[in-house]
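Each remark here refers to the structure printed beneath this line.
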Amino acid sequence: MGSPVHNLATKINGSLKEDRSARKRHSRHMISNVFFRYYFLFSILALCFVLGLVTIFIGKTALLLFGPVSPADFFLSFNWTPEEEAFGAAAFIVNTLSLTALTLLIAVPVSVGMAVLCAEIAPQWMKTFIRPVLDLLVGIPSIVYGYLGLTVLLPFLRRVSGESLGDGLLAAALVLALMVLPTITRISDDAIVAVPRKYRDAAYALGSTRLQVIMRVVLPAASRGVISAVILGMTRAVGETMAVVMVIGNTPQLAKTLFTPASVLTSNIVMQISNVEFDSTWNYALHMMAFLLLMISFVLILIIRILGRKRRDSI
């Protein structure tokens, strides 16, 4: 054993080393925290800046339309013949809304039913199979769905309906329903699973059946999450392009039947934007269509945010 003075000096030196090491670790943590704080802040500001530039560019170009064309002619006229300086987009707007409504009419009941199956009814082995499959379907490119619709769905619709083409709103709605179904199902599944177990236990204690618990307790409690899932699916249906282009027929007219070849805002933009001059009324009209889609997406996302905030406040 060393002398007491040597032991005391050793302890002091050890304490000083530990203190210096602690100060270095604290300094490194402070530097990394500051760095990542400003890095994330810069990323958010850069994203907002780019999004703002996109919105300003599309909006500024789109508003140039209302010099040679009145808003009433653009929004209310069904006559789209750019070669004759007629730029009525009402047919595309009505077709877009009709296609979105038909898609949700097909997809929502199936999606919510599958979500209930995954969350409340299916055994564990089935859940572990269905959920990864749905996650995989979400990531499939839209052009794959469009190709399947073109090669498989359209011939089937021709045989069943007797139509010569089969293109139209029904084919596009079926393809879009298949595309949005995994998204709505998975988000609705998460919303249903998030319902507290005590709600179910209380309902069963009152003598409710499983169906009554699901329909009168679980789904109402998860309604905001399910609505958010439906709106998110709607945003994808509204903004989808390639799959719709391949099966809808791409004819600038109002769809009077489910098998009438038609065109929506997205398909009309992608089919015509490469053939027009930038400083032309035709190009301004196409930019106004894109601006409408952008505003629709902003409104739907805002609704999702409001519903999410109300859901958190109610928990």
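The values are calculated or read from the model by the stated rules, or taken from the named source; none is laboratory data. These numbers come from a predicted model, not from an experiment. With ideal geometry, Cβ positions are generated from the backbone for all residues, glycine too; neighbour counts draw on all protein chains shown.
Out of Leu16, Leu102, one residue alone is surrounded by 10 or more Cβ atoms within 10 Å (Cβ to Cβ) and either in contact with a Cys (Cβ under 7 Å, 6 or more places away or on another chain) or modelled with pLDDT of 90 or more (or both). It is Leu102. A count restricted to region 64-85 and to residues that are touching a residue at least 12 places away in the same chain (Cβ under 8 Å) and surrounded by 12 or more Cβ atoms within 10 Å (Cβ to Cβ) stands at 12.
Table: residues versus (1) among the small types (Gly, Ala, Ser); (2) closer than 19 Å to Pro132 by Cβ; (3) touching a residue at least 40 places away in the same chain (Cβ under 8 Å); (4) surrounded by 18 or more Cβ atoms within 10 Å (Cβ to Cβ).
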residue: Val152; (1), (2), (3), (4): no, no, no, no
residue: Pro155; (1), (2), (3), (4): no, no, no, no
residue: Ala171; (1), (2), (3), (4): yes, no, yes, yes
residue: Ala202; (1), (2), (3), (4): yes, no, no, no
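For first residues located in region 240-264 and farther than 15 Å from Met179 by Cβ, partners that are of a type in the set (D, E, K, R) and lie 6+ apart or on another chain with Cβ distances below 7 Å form the pairs Gly249/Asp167; Phe259/Glu163; Pro261/Asp167.
Go through the residues of region 138-146 one by one and say whether even a single one is surrounded by 12 or more Cβ atoms within 10 Å (Cβ to Cβ), touching a helix residue (DSSP H, G or I) at 6+ places or on another chain (Cβ under 8 Å) and under 30 Å from Leu211 (Cβ atoms). Scanning region 138-146 turns up at least one residue that is surrounded by 12 or more Cβ atoms within 10 Å (Cβ to Cβ), touching a helix residue (DSSP H, G or I) at 6+ places or on another chain (Cβ under 8 Å) and under 30 Å from Leu211 (Cβ atoms).
Screening region 59-150 for helices (runs of 4 or more DSSP H) wholly inside it with 3 or more residues that are under 18 Å from Arg186 (Cα atoms) and under 17 Å from the mean Cα position of the chain (by Cα) returns the ranges 90-116, 124-138.
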